[in-house]
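Below: the structure, in structure tokens.
Coordinate-derived values only; no laboratory data. Everything numeric in this text was worked out from a predicted model, so none of it was measured. Every residue, glycine among them, receives a Cβ derived from its backbone with ideal geometry; neighbour counts consider all protein chains shown.
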Amino acid sequence: MYLAWREIKRNRMKFSLIAVIFILIAWLVFILSGLGNGLQTLAAASFKNMKADYVVLEQGSNASVSKSLLSADGIDIVSKMPNVRGASPVGTTMGTVLKGDASDPAAGKVDVAMIGIEAGSFLEPAVIEGSGLSSDRADGAIVNKSMKDEGFKLGDTLRLDGSNETLTIVGFVENETYNHVASVFLPIDKWRTITFAAPGSDKGIRNPVNALILQGSKIDPDAVNAALQGTDTVTLAAAIMGMPGYKEESGSITMMLAFLLVISAFMLGVFFYVFTLQKSNQFGVLKAIGARNGFLGKAVVSQVMVLSIFSILVGVALTYAVASFLSKAMPFILDTKLVIIYSIILLVIALLSSLASVRSITRIDPLKALGRVE
Amino acid sequence: MAQGLDMHGVSHYYNEGSSRTTALDRVSISVEPGEFIAVIGPSGSGKSTFLSVAGALLQASEGEVKLNGTSISSVSAKELSRIRLHDIGFIMQSSNLVPYLNVEEQLHIIKKMAGKVTKQDKAYAAQLLDELGLGEKHKAYPDELSGGEKQRVAIARALMNDPQVILADEPTASLDTKRAHEVVSLIAKEVRSRRKAAVMVTHDERMLTYCDRVYRMADGQLTLDQMQPAQELVSR
């Protein structure tokens, strides 16, 4: 630390340049992680928010809720099984809501995800405005607050495109999106009426739903599959991964992040290495007057540490600054946990990349200090 | 003898392909505390190898090197660096100061490498610098110092760990005559007053008058060149 800090103080320009590059890398990492997180939330927030553990789907649906169709009658059986604390049916349908009123056909449309749930079940999110779903209000719906930006308010009627059905906004919820659009929670019976309006679309299943959501951490999926014929039980995380496009979307972001981290490891490693090479004569002198490899190694590593922590902190600050400027429409969500994880990853990468420099120190011959090896 | 530097029958070989170069050929020398000796000789004669072996930078191929009566001929690399830190003071060609440390810190770093810098160490460093005429320059950085001042800092650095042996490698290489005399006379003064065994390798014949004995190095062999009258030295 003694050497490390004094060198930084005396060579501010050189170290600022490295810090700038490191800050830019950290900034990019955090922005990308925020974007990735935002996209994932947009795609699956309503399912991620569920306080649930397992999802019962139709066999052959490849862990995808939208491909699955089964009867809600299984709830009675599965809720009596061991370790099952709660079970509730869910149905999802993509739909379009008409803006404005019937007299104004040019007002436009909004895509929504209609999620049918049982009123008062553990799947119903808490409202931030208005009231929750209720069994006496068959057409009541609670919608994501982003619908306010589209001009909807409490008590408004939601006219569905291509359907005679209408819903009434009774409450607003937050952070509820599904398939990249706002979620609209409605009673499951109403959802059935809307979704299976066409004859035969329910394939003759009684009380059809897309999935049964289970609570309980130690549920045996095989036992559930055995008890309910033609079902496939997966974890909630697997069901989210099974959503169309979800894996691919988060995969591309993860890929970008991985490449960025690998490239930054190389870049920082080369910088630190060149720094050390530049100083090899100086290190030789210090070795000649008795410095151990450990002493010099520590100096290099602690310097990288100081530089990294400083750059990462500035990167985090810049990211939060950018986040506050981004428009609401941008799917950008900073998760403190992710920011901390990526900070640690960056720090570890920087330290690892300095190891090459430490190794080169051990190879410096103190004889060099004499300047003329005969 | 128990103190100072004692080399006995020391040889060193370099392997260059299939041939073997003898850099040091059965060198024997003994330097006692308070003695300042010079080694001169043409380049390629083995002066640097001699200094490297004496300074625990290089292990001799044959023979015995004793520092303060302890043989360093067969110790580990780690132990060698410990010996360099505690028992040897190096004054190098062109001083080789650490560019981002100020004058005081150049001295503190020696103690730092051994563990901690205490208050006494700092006081000792300040005293050394004052003694060497650097009283005004405690906080100066190497790029603010003249060649002579840098070399004086290097002398102070070599004395900082209170070593028994001082080795100087061409300490006047980059200095004009006046500065060169200043620097070497300072080394001679410190060596005598602090009772160090000192060896200076030099090209500079002008500086030999400061030394007790002068050895000449030729083709790896070290021979005594001339004896300096002791009284003359004391008066200096």
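In this structure the amide hydrogen of residue B:73, modeled in the peptide plane, comes within under 5 Å of the amide hydrogens of B:65, none closer than 5 places in sequence on its chain. When shorter helices are ignored and each DSSP H run of at least 4 residues is given -39500 (n - 2.57), the per-residue value for the protein assembly as shown at 222 nm works out to -13500 deg cm²/dmol. Distance cut-off 24 Å, Cα to Cα: go down the list A:287/B:66; B:150/B:196; A:298/B:47; B:116/B:189; A:298/B:137; A:67/A:148 and report the pairs above it. Cα-Cα > 24 Å for A:298/B:47; B:116/B:189; A:298/B:137; A:67/A:148; rest within.
Listed by number, the DSSP H helices of chain A that run 20 Å or longer by alpha-carbon position along their axis and have mean Kyte hydropathy of at least -1.0 are A:12-48, A:246-278, A:293-325, A:336-353. A simple spin-label model places pseudo-atoms 7 Å from Cα toward Cβ; at residue A:302 and residue A:329 they are separated by 5.2 nm. Between region A:181-238 and region A:318-372, what is the C-alpha centre distance in whole Å? If you average the Cα positions of each part, the centres end up 46 Å apart. Distance between the pseudo-spin-label points of residue A:180 and residue A:168 (7 Å out from Cα toward the beta carbon): 3.4 nm.
Sorting the segments A:201-207, A:226-232, B:100-106 by their residues' average number of neighbouring beta-carbon atoms within 10 angstrom, most packed first, yields B:100-106, A:226-232, A:201-207. Multiplying the residue separation of residue A:351 and residue A:138 by 0.36 nm and subtracting their alpha-carbon distance yields 70.7 nm. Partners of residue A:145 within straight-line reach, counting aspartates and glutamates whose Cα lies under 12 Å from its Cα and excluding those fewer than 8 residues away in the same chain: A:129, A:174, A:176. Modelled label positions at residue B:116 and residue A:79, each set 7 Å beyond Cα in the direction of Cβ, lie 6.9 nm from each other. Rounded to the nearest 0.05, the FRET efficiency derived from the C-beta distance between residue B:74 and residue A:28 at R0 = 45 Å is 0.25. With R₀ fixed at 30 Å, the C-beta to C-beta distance from residue A:128 to residue A:101 puts the FRET efficiency at about 0.70.
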